[in-house]
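Working notes, structure below.
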Amino acid sequence: MARIDISVCIPAYEMEGYGSDYLEFSFRKLEAQDFQNFEVVVSDQSADSRIRDLCDDWSDRLNIFHVWNREAPRQASANINHALNQANGEILKILFQDDYLFDCTCLTNVQKRFIETGCDWLLCGSGIVREGEAIERAMIPSLSDRLHFGKNTVSSPSVLAIHRRCLERFDENLVWLMDVEFYKRLWDAKGEPEILPSTMVANRIHKHQVSSRVDRKLQARELDYMWRKYAAKSTVSGKFEFLKRRMKTIWST
């Protein structure tokens, strides 16, 4: 097999019938990248075949590797882990199916920074998209000691890329805090990430996304889990963040 520089790893599912539409839009943006040596790994938890059929339709335009993942828990952490574990590239670029690469130089810049620095992980700038392609609220990722308790100053996992020597994977006990916990763990294990500040990823805001179905009980459960896992490693500021967010789950019930 020829060397693959980057694997774009996409966890996919029906998303109430919109999953294939969002994914095809993302494929168009991937096709427009000025970087060519990449594969697209789609880990599919759909009950139907629309995602697989879409991958087949695009197989002559992109190097797509579709893999079923129907037996694993139906959640993003398990599905993205499956995609990461199937990837062949030196750099593993996460991209959720409803997000897309906003900048056509994204993959070029990601690979260049990995080569220049020898880093283990990298974060790039992002913004949100509601309708159309107008970016709102551009965000440059940063890390803080309150991150793992839900103060997300990084953005979605779509801004993340890791080197394949990074064996860390998402904690499958988590749904709401799966991203910030992973950033915290990478930070502890690998040190500071490289940051590409330009807006390269568009995070789509819509009513079908998982975050729209996160209730207070789930928040409380995951905050308690994070407390058990990280209280001893947390600063006073981090502990106050936990208490503030945990109290909100009580007041709102």
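The values are calculated or read from the model by the stated rules, or taken from the named source; none is laboratory data. None of these values were measured; they are calculated from a predicted model. Every residue, glycine among them, receives a Cβ derived from its backbone with ideal geometry; neighbour counts consider all protein chains shown.
Determine whether the stretch 66-81 contains at least one residue that is more than 20 Å from the chain's Cα centre (by Cα), over 21 Å from Asn203 (Cα atoms), surrounded by 15 or more Cβ atoms within 10 Å (Cβ to Cβ) and not polar (S, T, N, Q).
Residues of the stretch 66-81 more than 20 Å from the chain's Cα centre (by Cα): 71.
In the following step, the residues that additionally are over 21 Å from Asn203 (Cα atoms) were identified as 71.
If we keep only those that are surrounded by 15 or more Cβ atoms within 10 Å (Cβ to Cβ) too, we end up with none.
No - not one qualifying residue is present in the stretch 66-81.
When Ile94 is tested against (1) of a type outside the set (S, T, N, Q); (2) at pLDDT below 95; (3) in contact with a Leu (Cβ under 7 Å, 6 or more places away or on another chain), just one condition goes unmet, and that condition is (2). Look at (1) surrounded by fewer than 17 Cβ atoms within 10 Å (Cβ to Cβ); (2) touching a Lys or Arg at 6+ places or on another chain (Cβ under 6 Å); (3) hydrophobic (A, V, I, L, M, F, W, C) and you find that Ile128 fails only one, number (1). Can you find a residue that is touching a Phe, Trp or Tyr at 6+ places or on another chain (Cβ under 7 Å), within 26 Å of Asn85 (Cβ to Cβ) and surrounded by fewer than 20 Cβ atoms within 10 Å (Cβ to Cβ) anywhere in the stretch 228-251? No; the residues of the stretch 228-251 include none that is touching a Phe, Trp or Tyr at 6+ places or on another chain (Cβ under 7 Å), within 26 Å of Asn85 (Cβ to Cβ) and surrounded by fewer than 20 Cβ atoms within 10 Å (Cβ to Cβ). For the stretch 101-110, the count of residues that are closer than 22 Å to Gly191 by Cα and modelled with pLDDT of 95 or more is nonzero.
Within the stretch 28-54, the residues that satisfy the criterion of being out of contact with any Ser or Thr (no Cβ under 7 Å at 6 or more places or on another chain) and surrounded by 22 or more Cβ atoms within 10 Å (Cβ to Cβ) are Leu30, Val40, Val42, Ser43, Asp44, Gln45. Hey, could you check the stretch 145-178 for residues that are part of a helix (DSSP H, G or I) and under 26 Å from Ala220 (Cβ atoms) and say which is farthest from the chain's Cα centre (by Cα)? Selected residue: Phe149. Can you find a residue in the stretch 85-103 that is part of a loop (DSSP other than H, G, I, E, B), under 17 Å from the mean Cα position of the chain (by Cα) and among the basic types (Lys, Arg)? No - not one qualifying residue is present in the stretch 85-103.
If you go through the stretch 29-60 and pick out every residue that is in a helix (DSSP H, G or I) and either of a type in the set (Asp, Glu) or over 19 Å from the mean Cα position of the chain (by Cα) (or both), you end up with 9.
I'd like the full set of residues that are under 25 Å from Leu92 (Cβ atoms) and either without any contact (Cβ under 8 Å) to a residue 60 or more places away in the chain or not in a loop (DSSP other than H, G, I, E, B) (or both), limited to the stretch 125-143.
Selection gives Gly125, Ser126, Gly127, Ile128, Val129, Ala138, Met139, Ile140, Pro141, Ser142, Leu143.
Applying the selection to the stretch 105-120, what residues are without any contact (Cβ under 8 Å) to a residue 40 or more places away in the chain and in a helix (DSSP H, G or I)?
Pass one, the stretch 105-120, residues without any contact (Cβ under 8 Å) to a residue 40 or more places away in the chain: 112, 115-116, 118.
Residues satisfying the conditions are Lys112, Ile115, Glu116.
In the stretch 1-27, which residue that is among the charged types (D, E, K, R) and under 23 Å from Cys104 (Cβ atoms) is surrounded by the most Cβ atoms within 10 Å (Cβ to Cβ)? Steps first, please.
So in the stretch 1-27, the residues among the charged types (D, E, K, R) come out as 3, 5, 14, 16, 21, 24.
Among the residues that remain, those that are also under 23 Å from Cys104 (Cβ atoms) are: 3, 5, 21, 24.
Numbers: Arg3: 8, Asp5: 17, Asp21: 14, Glu24: 15.
Going through the qualifying residues, I end up with Asp5.
Pick out the one residue from Glu116, Glu131 that is modelled with pLDDT under 95 and farther than 22 Å from Val214 by Cα. Of Glu116, Glu131, the one residue that is modelled with pLDDT under 95 and farther than 22 Å from Val214 by Cα is Glu131.
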